[in-house]
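Just so you know, all these numbers are worked out from the coordinates, no wet-lab data involved. Values in this document were obtained by computation on a predicted structure and should not be read as measured data. Heads up, the Cβs are rebuilt from the backbone with ideal geometry, glycines too, and the neighbour counts pull from every protein chain shown.
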Amino acid sequence: MKKELQTAIESVEDKLSKVSFQINQVLDLKERQWAIVGGFVRDLIISVYYKVEVPSPDVDIALMGRYPEYKMNEYISAMQKNTFGSLKIISSTLGEIDLWTLKSHINGKYHYISKSKNASKSVKRVGAVSKAACLNRNKNIDTWKKYLRYIDFNANTVLYAYPEKRIIINKEKWLSLLEYQNIEINYTHSPYPYLQPIRALALAVKLSSLTSQNFRISNQLERSLREYSYRQNKTINDYIEKKIKCQKWGEQVPASYSQFLRNVHKG
């Protein structure tokens, strides 16, 4: 399993080198330190590991330091704030891009982007990183490794760092994911904790559908989903409906949630 995972990582690194060129073209980041985080890298590795075709999700990018003002141009057609506070950029070449800033010199924690009052035309930038970290690639790698501690689920503890052009992954969590096919919580903090379990369930549904395996959420996430289903059921259903409406999730997610609720009531 270790060998197969390493082979998949190396294959995906080659693909992401080409994607990074497009990102630099759209966002003008070639002189900066940034990383593709989460689903985009995860799904590419899953596709190679299981030898399946996986549709590319949105691109999530974490950026060290300040970043330039963005305005509408030939590559950027729209900008808006997403549910969790990042800047969502709609690109003609890359589709949807969620952009986050990273404040790496304070315990590796990241800050959400704050949107300017006139966000339709430009976006004000926040966040900073120590100059030493920007100049020292080894420090950058350490920063990205630390960043993985603050990612929501085990399946998302992977990123592609630029300019290093290297995948950084928590192999222990990934090997466990591939062996037991359990979506587990990696970092509990969330601006919307009641949405975290349903997002995990949606991820398990997605990976099961794509790979024909039986991915599921951990006991801890099941307990959380059960608890929030009593107190926040309408909010959860509204969120599911929103995700389906924008074609991020399929109808299997509400079906799986309904089945989960039936099992809870039986218990």
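For region 198-252, taking the residues that are under 15 Å from residue 182 (Cβ atoms) and in contact (Cβ under 8 Å) with a residue 60 or more places away in the chain, the one that is surrounded by the fewest Cβ atoms within 10 Å (Cβ to Cβ) is identified as 213. The residue pairs whose first member lies in region 167-184 and is under 13 Å from residue 155 (Cβ atoms), whose second member is in a strand (DSSP E or B), and whose beta carbons are closer than 6 Å, counting only pairs six or more residues apart or on different chains, are 169/158; 183/153; 183/217.
For region 47-74, give me the residue count where each residue is under 14 Å from the mean Cα position of the chain (by Cα) and part of a helix (DSSP H, G or I).
Initial filter on region 47-74 (under 14 Å from the mean Cα position of the chain (by Cα)): 56-63.
In the following step, the residues that additionally are part of a helix (DSSP H, G or I) were identified as none.
Total meeting the criteria: 0.
Among the residues examined, residue 77 does not qualify as over 18 Å from residue 92 (Cβ atoms), more than 15 Å from the chain's Cα centre (by Cα) and either without any contact (Cβ under 8 Å) to a residue 24 or more places away in the chain or surrounded by fewer than 19 Cβ atoms within 10 Å (Cβ to Cβ) (or both).
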